[in-house]
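Asker: Got a structure for you, written out below as structure tokens; questions coming shortly.
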Amino acid sequence: MHNAEEAVFFPRYLPLVLGRLPETWRSLAGPITLGQVWAALGFVTLVPFGLATWAELRPEKAAPVWLLLLTQATVLLNVVWHVSAAALVFNGYAPGVVTAVVLNLPFSIYLLRRAAGESWLSPRARWALLPGALLVHGPVLSGLLLLTERM
């Protein structure tokens with residue numbers, strides 16, 4: 001739902017986003033097209049399904065569970081990103097902010113609390129979710145946008 005909200009509203013907001021990026025960021029990123037945004041949204045929509053399938057097929061493995069929880073921790077970080085963008089950049093609405101607050105925030109809190117309460121991962125692995133989410137939400141997603149440029 002969240003990625004669908006972004007896909008629907010990004011055509012209107014992409015020029016605003018690009019216009020408000022600092023020049024140094026624009027020169028690093030190059031021209032980002034709507035096609036790149038949609039390709040990246042498609043990719044980040046499909047990856048969790050692949051991870052869930054892996055976890056279902058190999059329930060004894062910790063890696064797919066950790067990667068699914070990393071995805072959810074990244075989604076939680078993305079809520080902060082959307083609320084900040086809506087408030088500081090767009091003075092109201094940013095693509096994805098509604099589903100981020102209404103769906104992603106409560107589900108992320110529920111899932112991460114449940115995972116901790118039921119010890120799905122060791123405490124050390126749970127703590128690794130925070131730096132992992134920062135890495136995924138920043139450099140990894142930026143790299144994904146750059147990779148879609150070549151597609």
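Asker: Show the residue pairs that are 6+ apart or on different chains and have beta-carbon atoms under 9 Å apart, the first residue being within segment 37-48 and of a type outside the set (V, I, T), the second being not in a helix (DSSP H, G or I).
Answerer: From residues that are of a type outside the set (V, I, T), the pairs are A39/M151.
Asker: Applying the selection to segment 53-68, what residues are closer than 25 Å to P139 by Cα and either aliphatic (A, V, I, L, M) or surrounded by fewer than 21 Cβ atoms within 10 Å (Cβ to Cβ) (or both)?
Answerer: W54, A62, A63, P64, V65, L67, L68
Asker: I would also like to ask the following. Considering only residues that are modelled with pLDDT of 90 or more, of a type outside the set (G, A, S) and surrounded by 15 or more Cβ atoms within 10 Å (Cβ to Cβ), which ones fall in segment 69-93?
Answerer: Listed by number, the residues that qualify are L69, L70, T71, Q72, T74, V75, L76, L77, N78, V79, V83.
Asker: Name the residue that is surrounded by the fewest Cβ atoms within 10 Å (Cβ to Cβ), counting only residues in segment 94-120 that are over 15 Å from the mean Cα position of the chain (by Cα) and among the hydroxyl-bearing types (S, T, Y).
Answerer: Looking at the filtered set, the residue picked out is S119.
The values are calculated or read from the model by the stated rules, or taken from the named source; none is laboratory data. Note that this is a predicted model, so its numbers are computed, not measured. Cβ atoms come from the backbone with ideal geometry, glycine included; neighbour counts cover every protein chain shown.
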